[in-house]
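Only one structure is covered here, and it is reproduced in the block below.
Every number here is computed from the coordinates shown, using simple stated rules; none is lab data. For clarity, every value in this text was computed on a predicted model and none was experimentally measured. When we count neighbours, we look across all protein chains shown, and the Cβ atoms used for this are built from the backbone with ideal geometry, even at glycine.
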Protein chains: 2
Amino acid sequence: MISERMEKQIQFIVTIDELKNITRQSVTIRDRRHENDAEHSWHLAMMAMILSEYAEDKNVDIFRVIKMVLIHDLVEIYAGDTYCYDEKGYEDKDEREQEAANRLFNMLPEDQAQKMMALWREFEEMETEEAAYAATLDRFQPLLLNYNTDGHTWQRPGITSAKVLKRTAVAKARVPQLYEYIERLIQSSIERGFLKP
Amino acid sequence: MISERMEKQIQFIVTIDELKNITRQSVTIRDRRHENDAEHSWHLAMMAMILSEYAEDKNVDIFRVIKMVLIHDLVEIYAGDTYCYDEKGYEDKDEREQEAANRLFNMLPEDQAQKMMALWREFEEMETEEAAYAATLDRFQPLLLNYNTDGHTWQRPGITSAKVLKRTAVAKARVPQLYEYIERLIQSSIERGFLKP
Ligand SMILES: [Ca+2]
């Protein structure tokens, strides 16, 4: 007997296939095609595994961080990707994403919907050590892609090193060694002409 | 001071961006374009979270399963994807993949290289409960994509329901409720003409 519960779970798994179609601003290193949210989320989960020793809090729960980064962009299936330097898009981002979260997560059995909603809210609020580490990775990954593609998304008007650095501020107290790396990467990007000072 | 250790880790993270270019046989549900290994690995990690209650062993370590599915296809960066029904490709698959694993994982600091190699070998050997659950997901995900794309990859000559069912045998003892679902999905695929009996 296949339960209604399992039917719901599998319907959710089928629905989130759509994350593979949500494209981001960043481009992949070799082909320079826009990456999508599924690829991005996988890359963050790998980074969470490999860079865990740099979290300032040695008790940070890496399993929760990984779950967080795996699901953090799911709401974009309904709300779309909002480019991080798009001020207009940010005005109603929270409202659009909360509606999307309600619609998407509630496809799951109630207990799982609640857990996923809580995990997503935790990521968004960026307060716990796990959320701060996850947010650091989410800020750092596009920098790595930009650095390795001659500053691809940094070429647009209005993007400066000050803006890029400001967006990575969360790393400073929570993942300080990585912040040092980010500063050096930004400095090197300016020197190479990938990023405006 | 940025350590040599961190440089190695970040170089590894940059290198594995290439997983986004390794295409698979399965196609995404809406656009029917070939999915890549990074998207596939993300999808498996989500499934591991959502379907964990169906693992027969209630003590299965889902964190280890998730790490396993995140890294299980990394060797294909150097060894390429071998289609599961390609008998010729399977002849030297193990050798090619072991070489690829040595080359790729050894980019990491030694302690992390060893851990990742062990995790990948565990997945390949399919003996522990974690590896069996991970393998079940790896077999089930392409079935879900096929079912939702009119049996896209099942249209080639020589693919029959018996072959498809045989490949999911690992699920029977280890994730029996999911195996029941798989049997029903295969039956329905035959009825709808997506799969030859
Ligand atoms: Ca985002």
Note to self: Every residue in region B:33-59 that is more than 9 Å from every other protein chain (Cβ to nearest Cβ), surrounded by 20 or more Cβ atoms within 10 Å (Cβ to Cβ) and more than 11 Å from the chain's Cα centre (by Cα), please.
What the structure shows: B:ALA48, B:ALA55
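Return yes when A:ILE159 is among the aliphatic types (A, V, I, L, M) and surrounded by fewer than 18 Cβ atoms within 10 Å (Cβ to Cβ) and no when it is not. Write out each step before concluding.
Values: among the aliphatic types (A, V, I, L, M): yes; surrounded by fewer than 18 Cβ atoms within 10 Å (Cβ to Cβ): yes.
Here the answer is yes, as A:ILE159 does meet what is asked.
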Margin query: Condition first: in contact (Cβ under 8 Å) with a residue 40 or more places away in the chain and either of a type outside the set (A, V, I, L, M) or part of a loop (DSSP other than H, G, I, E, B) (or both). Now tell me which residues in region B:95-119 satisfy that.
Written below: B:MET107, B:LEU108, B:PRO109, B:GLN112
Margin query: If the requirement is being of a type in the set (D, E, K, R), closer than 29 Å to A:GLN9 by Cα and either touching a residue at least 24 places away in the same chain (Cβ under 8 Å) or exposed (fewer than 14 other Cβ atoms within 10 Å of the Cβ) (or both), which of these qualifies: B:GLU87, B:GLU122?
Written below: B:GLU122
Check: For region B:1-25, what are the residues that are more than 10 Å from every other protein chain (Cβ to nearest Cβ) and either touching a Gly at 6+ places or on another chain (Cβ under 9 Å) or buried (at least 21 other Cβ atoms within 10 Å of the Cβ) (or both)?
Finding: B:ILE22
Next item on the list: Within region A:104-135, track down each residue that is within 14 Å of the ligand (Cβ to nearest atom) and within 14 Å of another protein chain (Cβ to nearest Cβ).
Entry: A:TRP120
Checklist line | Condition check for A:TYR54: away from the ligand (no atom under 16 Å from the Cβ) and of a type outside the set (Lys, Arg) | finding: yes
Item checked: Subset of region A:138-197 [more than 14 Å from every other protein chain (Cβ to nearest Cβ), touching a Lys or Arg at 6+ places or on another chain (Cβ under 8 Å) and more than 23 Å from A:ASN36 (Cα to Cα)] -> A:THR160, A:SER161, A:VAL170, A:ILE190
Margin query: Among the residues of region A:132-145, are any in contact (Cβ under 8 Å) with a residue 60 or more places away in the chain and more than 20 Å from A:TYR83 (Cα to Cα)?
Written below: yes
